[in-house]
Ligand code: GLC
C-alpha cells in the first residue's frame, strides 16, 4: 500500500521491491493499492504489479504532521471523520478481495490505514522510510501496530535505532535501499543539456553542481543556494552552475517549497544565470550522469538518502550532509565528502575543494561507483526481501 504515486525515494524503493518479489518467486502476485494517482503506477504495471487507486479524500490527504490543532481545524473534524469512515470501508473491501499473505505498507499514512484494515491471517510489514520519533502522530501510532503482529523494515540502522527507542521490543529488519547499477550507467557529463533544461544560457566550460530532491523544505534547497552564493563571493569569476532538480510531489501542506519561492530565493541571492531549477525528471540516471558533482544538503538527519547512492552509482563525486542514516552510506574522503548538517559555510568549503581538485573528483567518482556496485546492487534484494517478509 503506497500513500503516494509520485517518484520519490520511497516509491523508487517500492519499484525495486516489486521487481524483487518476481525474482524471488515468479508466481508471486503483487498488487499495489495507491492512495493517489501518479507516474509510479505505470512503472509498477510495467513490472507486472496490478494497481488500484483509492484516492484518499482531500481532507485526509492534506492532513499531515504539520497541521495545526486549533479551532478552525477542529471544526472540520466531523467532515474529516465522515470522509474517513467511507474511505476505510472501501479500502478494507479492496484489500480483502485480494486477501494478501503480506500487506506491505510503504509510508506513514499507509502504515496507519494498513494497521486499521489488515485482514485476519494477513501479515503486516511496515516499511519505515523516515524517523518515527520526529513526527508526533507517527510516533504515537506506528509502534502500536506491533500489537497487530506487525513486522518492521527500516531503511537504515539509524531509522531502526530511532524506532527501537520508542518500542524496545522491536527488531526492525535493516534493509538499505538498492539501486539498479546497470541503469545508473557511467557516461559523459552534459552541461549544455542541464542549462537548457533549466532555461539558462549555454554554459562556458565549468562544473555543474546539482541537488536532486523533492521540494520538501528539509531537503536543503535553501542551504544549497546559500552555499552557492558564498561560493561565488569567494570565486566571482567561476563559471560553475548550480541546479536544483525535482518538484513538489507530495500533497502535505506547509512542508514544501513552491517553484516561485525558489525562483525568488535565487534572485534574492544574486544567483540569476548561475543557478536554475530543473523540473522533475523521470530519467534520473541521465541527470546524475550530466552533473559533475551531486550535492545532498538535507537540513535534518536523512533517513537513508537514496540519491547519494544513485550519484555514486553514476560515478559522480557526492557531497553529503552528514547526519542520520546517510552516514552509513559513505566513507568521508574515500567514497564521498561529508559536511556538517545545516552548515552552509562547511558545504561551501566542500564545493570549493571539488572545484579545485579534478583528481579528487575523479577518485571519489571511481571509488563511489565501485562501492555502490559492491554494497547497493539490486541483485542482493530478492533474498533480503524474502527474509524481511519472513518468507524463509
Ligand atoms: C524516504 C527518506 C529517504 C530515503 C527514501 C527511501 O524518502 O526520506 O531518506 O532515501 O525514503 O528509503
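I'm told residue 315 meets every condition in (1) more than 16 Å from the ligand (Cβ to nearest atom); (2) in a loop (DSSP other than H, G, I, E, B); (3) on the phi < 0 side of the Ramachandran plot except one. Can you identify the failing condition by its number?
(3)
Just give me the residues in region 133-154 being in contact with a strand residue (DSSP E or B) (Cβ under 9 Å, 6 or more places away or on another chain) and within 14 Å of the ligand (Cβ to nearest atom), in sequence order.
152, 153, 154
Considering region 270-283 alone, what residues qualify as being modelled with pLDDT under 95 and either touching a helix residue (DSSP H, G or I) at 6+ places or on another chain (Cβ under 7 Å) or away from the ligand (no atom under 16 Å from the Cβ) (or both)?
Of everything in region 270-283, those that are modelled with pLDDT under 95 and either touching a helix residue (DSSP H, G or I) at 6+ places or on another chain (Cβ under 7 Å) or away from the ligand (no atom under 16 Å from the Cβ) (or both) turn out to be 281, 282, 283.
Which one of these does residue 50 not meet: (1) surrounded by fewer than 19 Cβ atoms within 10 Å (Cβ to Cβ); (2) away from the ligand (no atom under 15 Å from the Cβ); (3) closer than 19 Å to residue 179 by Cα?
Only one criterion in (1) surrounded by fewer than 19 Cβ atoms within 10 Å (Cβ to Cβ); (2) away from the ligand (no atom under 15 Å from the Cβ); (3) closer than 19 Å to residue 179 by Cα is unmet by residue 50, namely (3).
Please determine whether any residue of region 234-246 is within 16 Å of the ligand (Cβ to nearest atom) and touching a helix residue (DSSP H, G or I) at 6+ places or on another chain (Cβ under 6 Å).
yes
Quick check on region 285-312: of everything there that is within 21 Å of residue 242 (Cα to Cα) and in a loop (DSSP other than H, G, I, E, B), which residue is nearest to the ligand (Cβ to nearest atom)? Please lay out each step first, then the result.
Restricting attention to region 285-312, the residues satisfying the condition of being within 21 Å of residue 242 (Cα to Cα) are 285-299, 305-312.
Among the residues that remain, those that are also in a loop (DSSP other than H, G, I, E, B) are: 291-292, 297-299, 305.
On the way: 291: 18, 292: 22, 297: 13, 298: 8, 299: 13, 305: 5 Å.
Residue satisfying both the conditions and the ranking: 305.
On the given criteria, is residue 190 under 22 Å from the mean Cα position of the chain (by Cα), more than 15 Å from the ligand (Cβ to nearest atom) and surrounded by fewer than 23 Cβ atoms within 10 Å (Cβ to Cβ)?
no
Test residue 367 against the stated conditions and say whether it is touching a helix residue (DSSP H, G or I) at 6+ places or on another chain (Cβ under 9 Å), within 16 Å of the ligand (Cβ to nearest atom) and in a helix (DSSP H, G or I).
Details: touching a helix residue (DSSP H, G or I) at 6+ places or on another chain (Cβ under 9 Å): yes; within 16 Å of the ligand (Cβ to nearest atom): no; in a helix (DSSP H, G or I): yes.
No; evaluated as a whole, the condition is false for this residue.
How many of the residues making up region 310-329 are in contact with a strand residue (DSSP E or B) (Cβ under 6 Å, 6 or more places away or on another chain) and under 20 Å from residue 162 (Cβ atoms)?
Count: 5.
What do you reckon, is residue 327 in a loop (DSSP other than H, G, I, E, B), touching a helix residue (DSSP H, G or I) at 6+ places or on another chain (Cβ under 9 Å) and either within 30 Å of residue 235 (Cα to Cα) or in contact (Cβ under 8 Å) with a residue 24 or more places away in the chain (or both)?
No: the conditions fail for residue 327.
Pick from region 155-178 the residues that are free of Cβ contacts under 8 Å to residues at least 60 places away in the same chain and touching a strand residue (DSSP E or B) at 6+ places or on another chain (Cβ under 7 Å): which of them is farthest from the ligand (Cβ to nearest atom)?
Applying the filter and picking the extreme gives 170.
Could you please find all residues in region 1-49 being outside any helix (DSSP H, G or I), closer than 19 Å to residue 95 by Cβ and touching a residue at least 40 places away in the same chain (Cβ under 8 Å)?
Passing the criteria: 1, 2, 3, 4, 5, 31, 33, 35, 36.
Condition check ((1) under 20 Å from residue 12 (Cβ atoms); (2) touching a strand residue (DSSP E or B) at 6+ places or on another chain (Cβ under 8 Å)) across all residues:
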| site | (1), (2) |
| --- | --- |
| 211 | yes, yes |
| 216 | yes, yes |
| 221 | yes, yes |
| 232 | no, no |
| 236 | no, no |
| 240 | no, yes |
| 244 | yes, yes |
| 249 | yes, no |
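Can you tell me how many residues within region 132-164 are within 18 Å of residue 104 (Cα to Cα) and crowded, with 18+ Cβ neighbours inside 10 Å?
The qualifying residues number 15.
The values are calculated or read from the model by the stated rules, or taken from the named source; none is laboratory data. Because the structure is predicted, anything quoted here is derived from the model rather than measured. Virtual Cβ from ideal backbone geometry, glycine too; neighbours counted across all protein chains shown.
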